[in-house]
Every structure is written in structure tokens, then in C-alpha cells.
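The values are calculated or read from the model by the stated rules, or taken from the named source; none is laboratory data. Predicted model, so just to flag it, every value in this text is computed and none were measured. For neighbour counting, all protein chains shown are included, and Cβ atoms are generated from backbone atoms with ideal geometry for every residue, glycine included. We work out accessible area using only protein heavy atoms, side chains counted, and drop any ligands, DNA or RNA first. Shrake-Rupley method; radii C 1.70, N 1.55, O 1.52, S 1.80 Å.
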Amino acid sequence: MSKQFDLIVIGAGPGGYIAAIRAAQLGLHVACIDAWKNKQGGPAPGGTCTNVGCIPSKALLQSSEHYEHAGKHFGDHGISLSDLKMDMSKMLGRKDAVVKQNNDGILYLFKKNKVSFFHGHGSFSGKQDGGFEVIVRGPAEESLVAPQVIVATGSTARALPQAPFDEQNIVSNEGALNLAAVPKKLGVIGSGVIGLEMGSVWRRLGAEVTVLEGLPQFLGAADEQIAKEAHKAFTRQGLKIELGVKVGDIQSTKRGVKVAYANAKGESQTLEVDKLIVSIGRVPNTQGLNAEAVGLQLDERGAIAVDAQCRSNVAGIWAVGDVVRGPMLAHKAEEEGVAVAERLAGQHGHVNFNTIPWVIYTSPEIAWVGQTEQQLKAAGRAYKSGTFPFLANGRARALGDTTGMVKMLADDQTDEILGVHIVGPMASELIAECVMAMEFRASSEDIARICHAHPSLSESTKEAALAVDKRTLNF
Ligand code: FAD
Ligand code: NAI
């Protein structure tokens, strides 16, 4: 006997579980299916983000940053320590406990919102009277039917064809979050978001880290000036970043990994490391979904093809998050999930793709929203620019963290803010004000006129806005 619902959500990552909760809040009878298992084989909803992504990486970034501060910066405050040690199993245990709190939190939210949760793998089996049939293969096999389905099956790490992941020596994000000991030498392929965040974690804990990047420029998606500043800071910290390389043969032995590559000058090189993280992007995950059973179309990247409203080619089937086009970010997945749930309830859900913030949680943090200077130039848009360095901010000096700047770009004529780019302390938090300003289509003058608390890092945002009009007060 099939169980009938108004909506079935496949996947309980940030896209899926948030869509399920929002739809249930709006009165729909909702089932959410998720396959992720914890170490005991039990359910672990939250997807990549909670289990092997955003949450555990931020837990390790925090632990490793404390360790680095204790070893390198406490002395500046007159605090001395001797015999500083890192207990690796405690650090990893704490990270696992943070993950579990989030898994349990989602199970609680499902109960609170009356979402029926099914632990297992969901796949389409076809269409019948009540809508689409999805079979769940888990502890038991169940048949669920609903007229509406949201696919939120996320993404998986992309491997290099010559070096499949063994999660021991050649690791994806999963292995990178679980190295039992600090490798003496760590190689990272790809200087994108994961490469920089995980490279920073292991460098802070004592690994000698070399990052090999295929592109000739560093952080191509970021504003060039910000990327340059970040590159300088990471290099100063000891992260070795080689740009413009071509990775060749990769050999994994009992003792480690040998990577053959050509450097930017075309010279043959070999990098020998104990562990290798491969972080060269992610691929949409539709494995085992049996999309063919309902005629669901994929695009050339293997993502589910959807329109701007997340509608697939099959009426009644929607898709959100990493499994569709657009940036692979948890908050983008969530926004799409909410918007689809609201559309299903007859409301006007919306996602503004122009104001999705990006954050890289390294130290210094990097965050941006809107367009970069190079994008504005390429589009031929007349703009004004204002920057303010944290070096001139009182709070940053008191914190002992004056690296970086806030950079604001505004339309030359209307003064509307077109982009804000930050590298420096707490950029992840500072960017929220800028996202809100852009949502309200604020001008740089609007920010410049707002009273910001003193002393705070956010005064740098106000000063960057003043700098657009060439009238900074503290620089
Ligand atoms: P996912 O989170 O991948 O969830 C999909 C879920 O669906 C999974 O639980 C999977 O098991 C389940 N599933 C798949 N197929 C089926 C099926 N057939 N049946 C049942 N269940 C199925 N983003 C940020 O915004 N900020 C960050 O700081 C950040 N850090 C990251 C760090 C790392 C190391 C990584 C790898 C990613 C990070 N991301 C971050 C990206 C973020 O994790 C993803 O964008 C986000 O998880 C996408 O959400 P989703 O719901 O689309 O998919
Ligand atoms: P990425 O797309 O951020 O970076 C991949 C990097 O690898 C790029 O710089 C690319 O040029 C390089 N590359 C690709 N192929 C290569 C090759 N063969 N040799 C050398 N270099 C190569 O992908 P990443 O870091 O794997 O992360 C995946 C996604 O996960 C991110 O794009 C992001 O959407 C998400 N994420 C978000 C985080 C955040 O928001 N803080 C943190 C971590 C991940």
C-alpha cells in the first residue's frame, strides 16, 4: 500500500529539509526522504552541509584557529603557555558532536512541523493515480505517492580521473575532515573554497601545505584586488600556492602520494606528500534517482534542468540546491527550497540571484556580494569605488587583526551599490549589512549616513561607503 502525501521531498540537505519544513508550515502534508547514515547506521539528515561540509569544516576551522592563536598570538596579549598540545581525537570528537547536534536538531524540527521523515534511498518508479510514486529503500521498503515532488539530492566531490578517492591517501572533503593525525606534508589540488578552508585547517595544525591550482589567477570568482590581498595573507602564513599548473600522473603508495605536474613555466615537477586533498569542484548528484522513470531531463553537466522558478521539464517535479544550476551554497539551496514551497502553496516565492553572498571562512575571511570590479569593467558599466583598510579601524587594532579591507562599488550616476567585497576579520558577518543594503537597492550614501557603533568592524563598511565619495574620516 502506498502512503499518500501532498509533497515528497527527496534529500534532507539545506535545500530539502528547509523546503519540507516551509511546505508543512503552509499546510501541506509532507514526506521527506534522506539516505545519509551516521556511524551507527541511523539517520543523519542535513546533507553534505551538516555531515561533511559547512558545519564540520567550520568546527575544525574554529579549533585550529584557537590552536594557532594560542601558539602564535596569545603572547602579544601577555598570555604565556607552555607545552601547548592538540588532542586530535578530542578535536575530531568535538566536530562530530557539533554535527550530531545539527542532525538531531533537524529530526526535532521535522517532528515539530509534522513532516514525515523516511530514512533510506528514494527513487522514482513512475506515475500513478495520486501522482508520482517514489520507492524508499531503507530499513524497510516503502512506497510514497504525491502529486508534487522536490528533488534536493545535492552534489558529490569531483575526482580526478587519474586519482580516484580512497579517502585514506587521496581524499575528498570527507577524508579531509577526518585525518586522524596531522600530515607532515599535505598536498591540495584546487585553490577554491574547500582547498583554502581545509588547507588552512591543516596548516594551522602544523602541516606543510602546498596547493596546486590549474588556473593562472588566484580565486578567479572574487574581486581581483581582494583576491590579491588574500593571496598575500595566505602566502605570509606559509600556505604555498602554485598557480597555472597542469596536474599529471598521481601515484598513491603506502608512504604517501606523488603528484607529477608541470608548473606555470611548463617545467616538470614532482610533489611528494603524505596526504592529498582533491578539491576541484563538485558534481550534481542524481545517482539512483531513476530520473528516467518519470522522464526528468538533465542538462549537459548532469544537473536537473530547471527554469528560474526551479520547475523541471515534468509538471509537478521541482529541483533545488546543488543538483541544479547556480552556486553550490547552502543558503542558495535554502532560499530555493523556501521559494518552491511557497509557490506550491500559491504564494509568490522568490530568490534574488544578484544578492547571494559568498563567504570563505579562512583567516582573513573573504566575503562578497554583487558584482566585482572586473565584471563591471567587462560590462562597460560606469562605477565609483571606495576602499577602507582594517589597519585604520580601531576595533581591528584592538583585536590584533588588521589584515584586509572593505571595498564598495557603486553606480557612477545613481550611486546604487553594485557590489561589496571584503577580506578581513569577520567578513562573514559584515557582509550581511551589505546584502541587505543591496536588497533595498541602497546607495553608498545611504550606508555613509547610517550610524554604526564604535568601535566596531562595521565602521569599515561605513568608511568604504564614504570612500566612494572620497570623504573617509579615519583614513
Ligand atoms: P546536500 O546538502 O548535498 O544534501 C542532499 C541530501 O540528499 C544528502 O543528505 C543525500 O544523502 C540525500 N540524497 C541524495 N540522493 C538521495 C536519494 N535518491 N534518496 C534519498 N536521499 C538522497 N556552503 C555554504 O553555503 N557555506 C559553507 O560554509 C559551505 N561549506 C562547505 C564545506 C565543504 C567541505 C563542502 C563539501 C561544501 C560546503 N558548502 C558550503 C556547500 C554546501 O554544503 C552545499 O551547497 C549544500 O549542502 C547543498 O545543499 P543541498 O540540499 O542541495 O544538497
Ligand atoms: P571550487 O569550484 O571552489 O574550486 C575548485 C578549484 O579547483 C578551482 O580554482 C579550479 O580552477 C581548480 N581546478 C579544477 N580542476 C583542476 C585541476 N585538474 N587541476 C588543478 N586545479 C583544478 O570547488 P571546491 O573547492 O571543490 O568546492 C566545491 C564547492 O563547494 C564550492 O564551489 C562551493 O560552492 C562549495 N563550498 C562552499 C564553501 C563556503 O561557502 N564557504 C566552503 C566549501 C565549499
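Against the longest alpha carbon principal axis of the chain, how many degrees, from 0 to 90 and to the nearest 10, is the axis of helix 224-237 turned?
Once rounded, the angle reads 80 degrees.
Find the accessible area per residue for the stretch 356-468; the probe is 1.4 Å, ligands and nucleic acids are left out, and the unit is Å². Numbers along the way, then the final one.
Details: 4580 Å² over 113 residues.
For the stretch 356-468, the solvent-accessible area averages 41 Å² per residue.
Along the stretch 278-294, what does the Karplus equation 6.51 cos²θ - 1.76 cosθ + 1.60 (θ = phi - 60°) give for ³J(HN,Hα), rounded to whole Hz, x for Gly and Pro?
Whole-Hz 3J(HN,Hα) from phi for the stretch 278-294: 9, 10, 10, x, 10, 10, x, 10, 10, 4, x, 7, 6, 4, 4, 4, 10.
For a distance above 39 Å, tell me the whole-number percent of Cα pairs in the chain that qualify.
29
Probe radius 1.4 Å, ligands and nucleic acids ignored: give me the carbon and sulfur share of the accessible area of the stretch 356-468 as a rounded percent.
52
Return the long-range amide H neighbours of GLU208 (sequence gap of 5 or more, or a different chain), with a cut-off of under 5 Å between placed amide H atoms.
For GLU208, the qualifying residues are LYS185, LEU186.
What fraction of the Cα pairs in the stretch 356-468, stated in percent, has a spacing above 22 angstrom?
On the way: 1549 of 6328 pairs.
Result: 24 percent of Cα pairs exceed 22 Å.
Roughly how many nanometres apart are two label points built 7 Å out from the Cα toward the Cβ at LYS246 and THR270?
2.0
Can you list the trypsin sites (Lys or Arg not before Pro) in the stretch 373-475 that are in a DSSP coil and have 16 or fewer other beta carbons within 10 angstrom?
ARG381, ARG441, LYS470, ARG471
With the Cα gyration tensor of the stretch 170-280 giving a ≥ b ≥ c as the square roots of its eigenvalues, does the rule (a/c under 1.5 for rounded; else a/b larger than b/c for prolate; else oblate) give rounded, prolate or oblate?
Judged from the Cα gyration tensor, the stretch 170-280 comes out oblate (a/c at least 1.5, b/c at or above a/b).
Once amide H atoms are placed 1.01 Å from N in the peptide plane, what residues at a sequence separation of 5 or more from ARG282, or on another chain, have their amide H within under 5 Å of its amide H?
It is ARG158, by chain and number.
Take MET1 and GLU445, extend 7 Å from each Cα along the Cα→Cβ direction, and tell me the distance between the two endpoints in nm.
Label at MET1, label at GLU445, 6.9 nm between them.
Return the FRET efficiency for the residue pair ARG311, SER82: r is the Cβ-Cβ distance, R0 is 51 Å, and the value is rounded to the nearest 0.05.
Rounded to the nearest 0.05, the efficiency is 0.25.
Could you tell me the center-to-center distance, by alpha carbons, between the stretch 10-48 and the stretch 269-310 in angstrom?
Rounded to whole Å, the Cα centres lie 20 Å apart.
For the chain, what does -39500 (n - 2.57) per DSSP helix run (n ≥ 4), summed and divided by total residues, give at 222 nm, in deg cm²/dmol to the nearest 500? Don't skip to the answer; put the middle values down first.
Values: 13 runs with 145 residues, N = 475.
Counting only the DSSP helices, I get -9500 deg cm²/dmol.
Towards the positive end of the charge dipole of the chain, with charges on Cβ (+1 Lys, Arg; -1 Asp, Glu), say which of VAL9, THR414, GLN251 has the farthest Cα.
GLN251
Taking amide H positions as placed in the peptide plane 1.01 Å from N, state which residues far from VAL171 in sequence (5 or more) or on other chains have amide H under 5 Å from it.
Sorted by chain and number, the residues that satisfy this are LEU276, ILE277, VAL278.
Which value, in debye to the nearest 20, gives the size of the charge dipole of the chain about its Cα centre, when Lys and Arg are +1 and Asp and Glu are -1 at the Cβ?
Its charge dipole is roughly 900 debye.
Kindly list the residues of the stretch 254-284 that lie in the label zone of ILE356, defined by a backbone N under 20 Å from the point 7 Å along the Cα-to-C-beta vector.
Inside the label zone: 280-284.
Which of ALA159, ALA378, ALA227 sits farthest toward the positive end of the charge dipole of the chain, with +1 on the Cβ of Lys and Arg and -1 on the Cβ of Asp and Glu?
So the residue we want is ALA159.
Given bins 5 angstrom wide, list per bin the percent of all Cα-Cα distances in the stretch 394-458, short to long.
Result returned by the calculation: 4, 16, 26, 25, 17, 9, 3, 0.
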